[in-house]
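Following: one structure in structure tokens, then a few remarks.
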Amino acid sequence: MRRKKVKIHYFVVTEIVMALGLMMLLYVCYFASTKTIDKMDRAFTNDARALQTMNNTIERLNNKKDYSGIDVKKIFMDEFGKSGFAMNSQIVAQVKIHADSTALAIIKANGKAIIEVQIKCQK
Amino acid sequence: MSKIKRCNNFSLIEVLFAIGLIGILFNMALMFYYDGRKVSMKYMDKASHIRSVSTIAKSWQNFIHANPFPIKVETNKILFRNQAVISVKNNKLIFSTENGQKTYAFSKAFAASFELETNLQEKPVLVLYLKTKGNKNQILKDKFIRIVASSQRSVK
């Protein structure tokens with residue numbers, strides 16, 4: 001009896017390399033998108049935190065009968081310190097005391113302000 | 001005698017290689033699925049938390065302005081002079097007065113606690129901390145949102 005010849009399909013190296021390349025591409029895309037989401041999340045968290053810091057500062061200022069620029073600066077810096085911004089976030093607080101008002105700002109690493117508020121001082 | 005039809009003759013190494021490759025691909029697919037699901041759930045939770053924080057902050061401040069003078073401040077309960085109470089139960093913040101109670105739910109990934117803070121040359125303030133929980137449900141003390149409410153607001 002004559003034995004039937006079995007036909008075996010082999011993959012060429014190019015096909016395997018292409019498949020591996022596609023898998024790598026998928027992997028890279030996935031991690032790039034995760035990183036972007038992570039970056040966005042950090043930015044949104046910082047925005048919410050900055051807003052809450054300013055809200056807390058104003059709440060504490062309302063607790064006082066009258067306040068000077070120095071008081072505003074002290075409370076704002078205290079709130080900024082307690083607000084829980086990550087140490088490596090490079091976010092800084094900025095205070096400018098003028099004759100009748102105080103400007104408060106929370107600045108991002110790129111120099112742009114997340115939030116800016118001008119407070120009229122009462123003494 | 002039955003005839004056994006033999007088709008592709010693969011060697012043992014080829015079969016093992018195919019099984020290994022299928023295993024790797026299957027694991028990668030599972031990893032993509034579970035990791036993607038975990039990441040999206042995490043961010044959905046965070047987004048809902050940030051949204052609920054603004055609602056909670058407003059209610060927390062309004063409640064304390066309406067019911068000043070706390071007489072007993074614990075990490076999970078505040079009792080006010082007029083018998084109003086704020087308490088935390090699991091992931092719920094409960095504001096109770098004589099007229100009834102309001103409940104605000106926040107994400108299960110966070111834990112709430114209270115603190116009475118006294119700063120120099122200032123009246124005491126009540127602070128609500130919404131702290132993030134870690135993977136093993138432990139409270140991460142360095143990741144929190146702080147909401148201040150003045151307990152004895154000056155009348156201007």
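The values are calculated or read from the model by the stated rules, or taken from the named source; none is laboratory data. Since we're looking at a predicted model, the values are computed, not measured. Cβ atoms come from the backbone with ideal geometry, glycine included; neighbour counts cover every protein chain shown.
List of remarks:
- Under the condition of being within 20 Å of residue B:32 (Cβ to Cβ) and either of a type in the set (Ser, Thr, Tyr) or away from chain B (no Cβ under 14 Å) (or both), the residues counted in the range A:8-30 number 4.
- Residue under evaluation residue A:23, criteria (1) under 30 Å from residue B:62 (Cα atoms); (2) of a type in the set (A, V, I, L, M, F, W, C); (3) surrounded by fewer than 17 Cβ atoms within 10 Å (Cβ to Cβ), criterion not met: (1)
- Condition check for residue B:99: under 30 Å from residue A:66 (Cα atoms) and either modelled with pLDDT under 90 or not charged (D, E, K, R) (or both): no
- Set side by side, the residues A:97, A:119, A:75 differ, and just one is in contact with a Phe, Trp or Tyr (Cβ under 9 Å, 6 or more places away or on another chain), more than 23 Å from residue B:128 (Cα to Cα) and at pLDDT 85 or above, which is A:119.
- Tally, over the range B:64-84, of residues that are without any contact (Cβ under 8 Å) to a residue 40 or more places away in the chain and buried (at least 17 other Cβ atoms within 10 Å of the Cβ): 3
- Unmet criterion (only one of (1) free of Cβ contacts under 8 Å to residues at least 24 places away in the same chain; (2) loosely packed, with under 14 Cβ neighbours inside 10 Å) for residue B:55: (1)
- Qualifying residue in the range B:106-116 (condition: buried (at least 19 other Cβ atoms within 10 Å of the Cβ) and either at the interface with another protein chain (Cβ under 9 Å from one of its Cβ atoms) or in a loop (DSSP other than H, G, I, E, B) (or both)): yes
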